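The values are calculated or read from the model by the stated rules, or taken from the named source; none is laboratory data. A quick note: this is a predicted structure, and the numbers were derived from the prediction, not measured. So basically every Cβ, Gly included, is an ideal-geometry build from the backbone, and we count neighbours across all protein chains shown. Note: areas computed on protein heavy atoms with side chains; ligands, DNA, RNA excluded. Shrake-Rupley method; radii C 1.70, N 1.55, O 1.52, S 1.80 Å.
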Amino acid sequence: MTGRPTDEVIERIRDIPIYQESLARGYFPLLGKSEIARGFPGNWMTPRLAAALETGEAEFVLSTGTNHARMRIIRPPYFLLRSYYELWRNHPDISGTWESGCRRLSLTTVLATEHVARVNAARRGAEPERTPSLADRRLDERTCYLNLRLDPARWTREDVLRMLREIDGARSIHPRGQYHLDCSGYHVAHLVRKAEAWGLLDAFPAPASVIHAYEYTPTNVRRFLHRRFPCPVIDLFGSTELGYLYYSDREGRYWPHLDGMSVELLPVAPGSTIHQLIVTSVRNPYMPLVRYRTGDCVRTLDGTPDPAAITQFCGRQKELLSTPDGPVAQGDLDRHVAAASPLVFLHQLHLHGDAEATLLYTTFTDEPVCAAEAAALRKDIGELTGRRCRIEHRTHIPVGRSGKYAWLAAHST
């Protein structure tokens, strides 16, 4: 695509106000979140949309805001959930757990749990409870959210026991004692480590299938999940406004799931092999997005802008680090960390001015890495970033307000 969508897409957007100028010019510039929000919802309103909002076939929702400011969008009810279920149902490695009726236990940010509780309270015409009950955390008859605390590192033994009981309750309903685990890789790693530390692993039944779909999952965390769970561990990539676009197989290869969509890759900077993901989608009939700048970055097999050759979703464009050799993404730092030591669990790069940086890290053992691995980390990260780098072990790195971990932090000193 070179600025003009297909005739089929044009027919879908012909009467939408936000696209009128582009239709007249015959060229569609990149569409960002600020353009979507400007004049919302009038910039999207058509007679068809107004009627759908009146009948409940379309609804206003807020994105969760875990990667960016919360954005109002319009979509069919359960749009994202249906996209998830469609992929689970048709995935070559895990469709069996869908067909067998596995319950889906979701362990991710507390913001996601709170969103479900708000929706359920609104249906009752009430305010959400300060601590949502299990019933308030059910998204539908198949899905329940587990996490009630912002920082998973601060889960207590009582928190862990409650979550394990809720997992066991869902598992016990299944005729073969199976369940499907939907998760942030970080959160599940914290749960496994805490269950192990408190002698509760026997109460943690292994899932029959795992999907991690909420954020970038570091290489070492993926290794941890694969070692701990003898089942397919699958990555999904998508967003609230688009649904799911790509999925991995059990070997880690990515495959497109682009029904009603097309994808462009544009270099984030001249000569860079990091590409920003641009999506045109009519999957949501009430808010079709043309050349939408998702804010996500990818790497491809050979560095070319081929959407069929994506090998890694490597982070967010707004979090790219400028270096003398070009932009560096979250996935680039992660690759160097994982190569230096398989023991690193969480890591966060703190910048000091233009010339120095400190890598804070935790480990799966809570012990510092050995001297040789620390030296390798200092050297590799220094070369990657073009900065003098220090390495500091921590037993705790706080989670962000979104419930996700920031890989990059800037300091004025």
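At a glance:
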{"read-out": "The listed residue being at positive phi, in a loop (DSSP other than H, G, I, E, B) and small (Gly, Ala, Ser), out of Gly326, Gly295", "value": "Gly326"}
{"read-out": "Residue check, Ala357 farther than 30 Å from Pro77 by Cβ, without any contact (Cβ under 8 Å) to a residue 40 or more places away in the chain, hydrophobic (A, V, I, L, M, F, W, C) and touching a His at 6+ places or on another chain (Cβ under 7 Å)", "value": "yes"}
{"read-out": "Segment 175-185, residues that are open to solvent by 20 Å² or more (accessible area, probe 1.4 Å) and under 26 Å from the mean Cα position of the chain (by Cα)", "value": "Gln178"}
{"read-out": "Considering residues of segment 8-65 that are in contact with a Phe, Trp or Tyr (Cβ under 7 Å, 6 or more places away or on another chain) and among the small types (Gly, Ala, Ser) only, the residue surrounded by the fewest Cβ atoms within 10 Å (Cβ to Cβ)", "value": "Ala52"}
{"read-out": "Which numbered condition Asp15 fails, given (1) assigned to a loop (DSSP other than H, G, I, E, B); (2) among the charged types (D, E, K, R); (3) closer than 18 Å to Leu242 by Cβ", "value": "(3)"}
{"read-out": "Members of segment 154-174 found to be surrounded by fewer than 19 Cβ atoms within 10 Å (Cβ to Cβ) and in contact (Cβ under 8 Å) with a residue 40 or more places away in the chain, listed by number", "value": "Arg157, Leu161, Glu166, Ile173, His174"}
{"read-out": "Matching residues in segment 262-298 - criterion: being free of Cβ contacts under 8 Å to residues at least 40 places away in the same chain and surrounded by 20 or more Cβ atoms within 10 Å (Cβ to Cβ)", "value": "His275, Leu277, Val279, Ser281, Cys297, Val298"}
{"read-out": "Contacts under 6 angstrom Cβ, first residue in segment 380-392 being more than 25 Å from Asp366 (Cα to Cα), partner of a type in the set (S, T, N, Q) and not in a strand (DSSP E or B), 6 or more apart", "value": "Thr385/Thr323; Gly386/Thr323"}
{"read-out": "Counted residues, segment 235-260 - those being buried (at least 19 other Cβ atoms within 10 Å of the Cβ), free of Cβ contacts under 8 Å to residues at least 40 places away in the same chain and of a type in the set (Gly, Ala, Ser)", "value": "1"}
{"read-out": "Residues being outside any loop (DSSP other than H, G, I, E, B), open to solvent by 10 Å² or more (accessible area, probe 1.4 Å) and more than 22 Å from His190 (Cα to Cα) - total across segment 341-375", "value": "9"}
{"read-out": "Residues of segment 91-113 satisfying the condition of being in a helix (DSSP H, G or I), within 20 Å of the chain's Cα centre (by Cα) and modelled with pLDDT of 95 or more", "value": "Val110, Thr113"}
{"read-out": "Residue pairs meeting the criteria (Cβ under 9 Å; at least 6 apart or on separate chains; first within 16 Å of Gln178 (Cβ to Cβ), in segment 99-118; second part of a strand (DSSP E or B) and among the small types (Gly, Ala, Ser))", "value": "Cys102/Ser209"}
{"read-out": "Among the residues listed as Arg123, Arg82, Arg118, the single one being within 17 Å of the chain's Cα centre (by Cα), surrounded by fewer than 17 Cβ atoms within 10 Å (Cβ to Cβ), in a helix (DSSP H, G or I) and of a type outside the set (Phe, Trp, Tyr)", "value": "Arg82"}
{"read-out": "Subset tally (residues that are open to solvent by 40 Å² or more (accessible area, probe 1.4 Å) and assigned to a helix (DSSP H, G or I)) for segment 381-413", "value": "1"}
